[in-house]
Amino acid sequence: MTTPLKIASIAVAGTLASAFAMASAPAQAADDMEKCFGIAKAGQNDCAAEGSNSCAGTSKVDFDPHGWKLVKKGTCTTTTVTLPDGKARTGSLEAIKG
Amino acid sequence: MPSLEQNQSAFVAALREPRQDPPSFIAEPTPRSSLRRFNVYRNNVYAGLIGVLGARYPAVQRLVGDEFFKAMARIFIDGHPPHSPVLIEYGSGLAEFLRTFEPAADEPYLADVATLEWRMHQARHAADAIPLHASHLIQLDEGSAARLTIRLAPAVSLIVSEYPVFSLWRANASDEASSGHQTFSGAECVLVTRPDLIAEAVRIPQSSAMLIAALLEHKPLGAAIGSVLAVDPHFPLHRTLALLIAQKAIAGVASQDETFEETPS
Amino acid sequence: MRQDSQIRVLRRWSHGPIPARAGVGLKPEHYESVLETLPDIGWFEVHPENYMGDGGAPHFYLSRVRARYPISFHGVGLSIGSAGPVDKAHLARLKALMARYEPAMFSEHLAWSTHDGAYLNDLLPLPYTAETLNVVCRHVDEVQTALGRRMLLENPSTYIAFAHCELSETDFLGEVARRTGCGLLLDVNNVFVSATNNGFDADAYIDAFPAAHVGEIHLGGHADAEDDTDAPLLIDAHDREVKDAVWALYRRALSRTSAVPTLIEWDNDVPAWPVLHAEARHADAVLKENGTTHAKP
């Protein structure tokens, strides 16, 4: 009787060599695999886009004493997502001063 | 005169409650001039941390819009302040927070996009690994190969989502990424790796994700492959292993017989 | 496996002191420019907290920069002025990072930034009282003992002052230096910002500063705002060139200190490398001019 493990071990032995060969060949386009590099602000290495410790203060005001109400935006901006239940959602939400 | 502890407790309470007056022990150079001065500290604390979260979650920020993101971040920061002065470690809880954040309840995919962004951030700072040279794998006979346990690099992680998380992230991760209105649907799985210095995400088939999940659980290669074949006999085994090698995701292998890993020379 | 072998190979770096010339804060935006052009600059300073990840680009670049230049660690996370204890775990991470990169100087701030285990991400002000002095001295002593080295303590930018103060900031810093043996980092931009915000005389502050303890000077740009009464309110934003008034104050400081390493801090709206390098050359020119005029060692 051939166990799944036996099948697997045969598959593995043949696979490792060909996997290596494929990995060293130029990248092939495949519909089911798609690669994207990390954070890509134009001309920047992605290490530059880090939020990091600093000893500086800031003059950009992100502080608001009155707080916000968070509501859905009436109109969609750039992205629509069709959920598994078939309903469509737009990404953008709105904050209004509360 | 308050003690130093009383001074700092009152200072922190006033930082966190923007409607509260600055602490009374602050000297006022001129009457009523201290509010905007004290607000510099409030702003530094919040603007700084909101900036950290924005740099860490650019796709979430673009998906919800700047104003919503800032307001949401304020609420997140109050409930989840940093507990270490190392801000590299800050923001891990945003995905969990989003799952129960009522104003974003209609956008259930946001949490998975946040998870992908956090994993990319972790990958950027993960410990370095020297990828295993494939020649070590080719030397193995069938039996040894099946018993191998593959050790994946510290930067490697997997996101399995019922939403089009990769497409959403890619379309929103930078200002340049998005072009016009786009519609996405379907479930997506993503492999995160850091082949050299830059973290990368690869959308992969669900069966490939099953194999990688089994390897992340340290299952022997044969058993891992067997478990996926039982579900999907035609799954792209060769290409999944080739992808792991190409993405420098394999940091070492161990078997009952021998252990292979690159040793620094 | 960590690439420690690579680090070992690179460890042919200098163990000498930071030269008495200008350096700049090392920003990720400039990693590539610096390594490609190897500019003529005295040294670089980094926040150690930004290199406390396990691996990746920050360590890759810092180890390469360190192989070619002296560096200084300028901490932002020890919260020397906290009423509570020093974070021992953070201190241990700092010590490990120092063993790895061997910075020629280490400095921290006369400020606090943690409370009840939460990190507040800003350098918050202290009332200069006898109690605060005891707390700061105890913490500086603990840090110097744990790290096995002398540290420098920096005067902060402040936006408010406290009604009950028993010492001036300069007397406070002088007393900390005397009791603990630590050195001082004189941030001239901070002096200008705090003087404007709190209505004291910047020249008089420089003249009263315990100059003999100064081991480093900081320069940076600040932003202009107004308080509720339309009085000037300066923000220590490190987001532009050093202003003329701060250069003038720098000359005044140098007339009292020896020629000391001087850092340009530019952390927000970071410019292209040549702009930052030009600021450093400006500081070098002032240092040189001062050396000629005052014949400092």
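Some values worked out for this structure:
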{"quantity": "Residue list for the stretch C:100-158, filter: touching an Asp or Glu at 6+ places or on another chain (Cβ under 8 Å), more than 27 Å from C:GLY53 (Cβ to Cβ) and of a type in the set (Ser, Thr, Tyr)", "calculated": "C:TYR128, C:THR129, C:SER157"}
{"quantity": "Test result for C:ALA92, of a type in the set (A, V, I, L, M, F, W, C) and touching a Leu at 6+ places or on another chain (Cβ under 7 Å)", "calculated": "no"}
{"quantity": "Unique residue being part of a helix (DSSP H, G or I) and surrounded by fewer than 20 Cβ atoms within 10 Å (Cβ to Cβ) when the list is B:LEU35, B:LEU49", "calculated": "B:LEU35"}
{"quantity": "Helices (runs of 4 or more DSSP H) fully within the stretch B:53-142 counting 2 or more residues that are in contact (Cβ under 8 Å) with a residue 24 or more places away in the chain and not assigned by TED's automatic domain parsing to the domain that holds B:SER157", "calculated": "B:58-64, B:66-79, B:94-99, B:110-125"}
{"quantity": "Pairs where the first residue, in the stretch B:171-183, is assigned by TED's automatic domain parsing to the domain that holds B:GLN61 and part of a helix (DSSP H, G or I) and the second is modelled with pLDDT of 70 or more and of a type outside the set (Phe, Trp, Tyr), C-beta under 8 Å, 6+ apart", "calculated": "none"}
{"quantity": "Filter result for B:PRO23 (over 23 Å from C:ASN268 (Cβ atoms) and in a loop (DSSP other than H, G, I, E, B))", "calculated": "yes"}
{"quantity": "Some residue of the stretch C:241-257 being closer than 21 Å to C:TYR31 by Cα and free of Cβ contacts under 8 Å to residues at least 40 places away in the same chain", "calculated": "yes"}
{"quantity": "Matching residues, the stretch C:171-196, being under 24 Å from C:THR145 (Cα atoms) and assigned to a helix (DSSP H, G or I)", "calculated": "C:ASP171, C:PHE172, C:LEU173, C:GLY174, C:GLU175, C:VAL176, C:ALA177, C:ARG178, C:ARG179, C:THR180"}
{"quantity": "Test: residue in the stretch B:203-218 that is under 18 Å from B:PRO58 (Cα atoms) and without any contact (Cβ under 8 Å) to a residue 60 or more places away in the chain", "calculated": "no"}
{"quantity": "Within the stretch B:84-104, tally of residues that are under 17 Å from B:HIS125 (Cβ atoms) and within 11 Å of another protein chain (Cβ to nearest Cβ)", "calculated": "8"}
{"quantity": "Lone qualifier among B:ALA155, B:ALA145 - being assigned by TED's automatic domain parsing to the domain that holds B:LEU215, of a type in the set (A, V, I, L, M, F, W, C) and in a loop (DSSP other than H, G, I, E, B)", "calculated": "B:ALA155"}
{"quantity": "Out of B:ALA209, B:ALA199, sole residue that is over 16 Å from B:GLY252 (Cα atoms), among the small types (Gly, Ala, Ser) and in contact with a His (Cβ under 9 Å, 6 or more places away or on another chain)", "calculated": "B:ALA199"}
{"quantity": "Enumeration of residues in the stretch C:253-276 that are over 18 Å from the mean Cα position of the chain (by Cα) and either surrounded by 15 or more Cβ atoms within 10 Å (Cβ to Cβ) or acidic (Asp, Glu) (or both)", "calculated": "C:ARG256, C:ASP269, C:PRO271, C:TRP273"}
{"quantity": "Test: C:HIS90 is within 10 Å of chain B (Cβ to nearest Cβ), in contact with a Lys or Arg (Cβ under 9 Å, 6 or more places away or on another chain) and not charged (D, E, K, R)", "calculated": "no"}
{"quantity": "Test for C:PRO210: is it over 27 Å from B:VAL45 (Cα atoms) and either surrounded by fewer than 22 Cβ atoms within 10 Å (Cβ to Cβ) or of a type outside the set (A, V, I, L, M) (or both)", "calculated": "yes"}
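The values are calculated or read from the model by the stated rules, or taken from the named source; none is laboratory data. Being a predicted model, the structure only gives us computed values, none of them experimental. All Cβ positions, even for glycine, are placed from backbone atoms using ideal geometry, and neighbour counts span all protein chains on display.
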